[in-house]
Each structure stands twice: as structure tokens, then as C-alpha cells.
1. Look at SER65 and say whether it is loosely packed, with under 14 Cβ neighbours inside 10 Å and touching a strand residue (DSSP E or B) at 6+ places or on another chain (Cβ under 6 Å).
2. Within segment 95-139, restricting attention to residues that are touching a residue at least 24 places away in the same chain (Cβ under 8 Å) and in a loop (DSSP other than H, G, I, E, B), which residue is farthest from the chain's Cα centre (by Cα)?
3. Got a sec? Which of ASN54, ASN28 is of a type outside the set (A, V, I, L, M, F, W, C) and within 12 Å of the chain's Cα centre (by Cα)?
4. Can you pull out the residues in segment 76-94 that are part of a strand (DSSP E or B), at pLDDT 95 or above, open to solvent by less than 80 Å² (accessible area, probe 1.4 Å) and under 23 Å from ASP17 (Cβ atoms)?
5. In segment 63-71, is there at least one residue being at pLDDT 95 or above and closer than 26 Å to GLU11 by Cβ?
6. Residues in segment 123-146 that are under 18 Å from ILE6 (Cα atoms) and basic (Lys, Arg): how many?
7. In segment 1-24, what count of residues is obtained for those that are among the hydroxyl-bearing types (Ser, Thr, Tyr), touching a residue at least 24 places away in the same chain (Cβ under 8 Å) and open to solvent by 30 Å² or more (accessible area, probe 1.4 Å)?
8. Filter segment 26-57 down to the residues that are in contact (Cβ under 8 Å) with a residue 40 or more places away in the chain and closer than 16 Å to VAL98 by Cβ and list them by number.
Amino acid sequence: MNTQEISDRIELKQLVDLFSNYSDTKENDKQVALFTENGVVNIINNGKVSFTLNGRKEIFNAFSSSMDEYSSVFHMSGQQTVDFIDETHANGVAYNYVVLVKTNEENKTVTTSEGVRYQDKYEKVGGKWLIAERNSNFIWHTEDIK
């Protein structure tokens, strides 16, 4: 492994971690800037694509509205693997543990936990790695109501 590959791996790990951090703080503008201009997000539940988001504007609108109801959002980034295709393209897999907290109509706290496996395609644009396509596989989901 050469120094450029090590540097690229560190930058790609930072990219995945920043995505989670910005989600937690609901900084959707910063989160969406991590995608290429024409980035794609596929939301996958039970092995099937539920819906697809195309481009930063559509991704921003969906991410912003989906987090509105939660008082707390927490992502824990786990392992990541990366395969380089060439100097400006790579594929990766990253895992995330997600906890979402909201209050329901009965004034009870609903805590949702999810396991997510991201399958990403990365592109280096202007010397910076970005997410070109993300398949967000929601593997499991639990809810606790108190």
C-alpha cells in the first residue's frame, strides 16, 4: 500500500464519519455537500429499493424532512472496507448503528434503533472524495416505547 492509497483511505473514512456526524447535528446542508452534484441515494428495506433520491437538492429535501420529528439522532460509524477502481473511483461498504428518539401522540418516548449497511460508490472530484451513489440497506429495526 502506497502513501496515496493510505491518504485516500483516511479521507474516505472521514467522509463516511462526517456523513453520520452531520446527520446527528441535523446539518443537512453540510451532509449533502458530501455527495457529488448528481449523487444518488437508494433507500433499501427488506432487500428492495423503497425509493431513490437523485441529486443534492432532492437528497437535501428528503434528509431534512425525515429528521424533523426526532429530538435526538445518533449514528455510530463502524467498520469500512474500500476497493479502489482507479485514482478517482472507489467502492466501499460501511456500517452504522442508528438511534432515533421522538415523542409520540400519547406523549411517550419512542426510541428506534437500526442497523444500516451502506454500499457506496465514491468519486474524487477536484481532488476531494465524494459519495456518488449510496445504497442504504436498513438491515434491522427495533422500537422501544416508554
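The values are calculated or read from the model by the stated rules, or taken from the named source; none is laboratory data. Remember, predicted model here, so these are calculated numbers, not experimental data. Here the Cβ is made from the backbone with ideal geometry for all residues, glycine too, and neighbour counts use every protein chain on show. Each accessible area value is taken on the protein alone, full model and side chains, heavy atoms only, with ligands, DNA and RNA left out. Shrake-Rupley method; radii C 1.70, N 1.55, O 1.52, S 1.80 Å.
1. Values: loosely packed, with under 14 Cβ neighbours inside 10 Å: yes; touching a strand residue (DSSP E or B) at 6+ places or on another chain (Cβ under 6 Å): no.
No.
2. LYS108
3. ASN28
4. GLN80, VAL82, PHE84, HIS89, ALA90, ASN91, GLY92, VAL93, ALA94
5. No: segment 63-71 contains no residue that is at pLDDT 95 or above and closer than 26 Å to GLU11 by Cβ.
6. Final tally of qualifying residues: 2.
7. Count: 0.
8. Result: LYS26, VAL41, ILE43, ILE44, ASN45.
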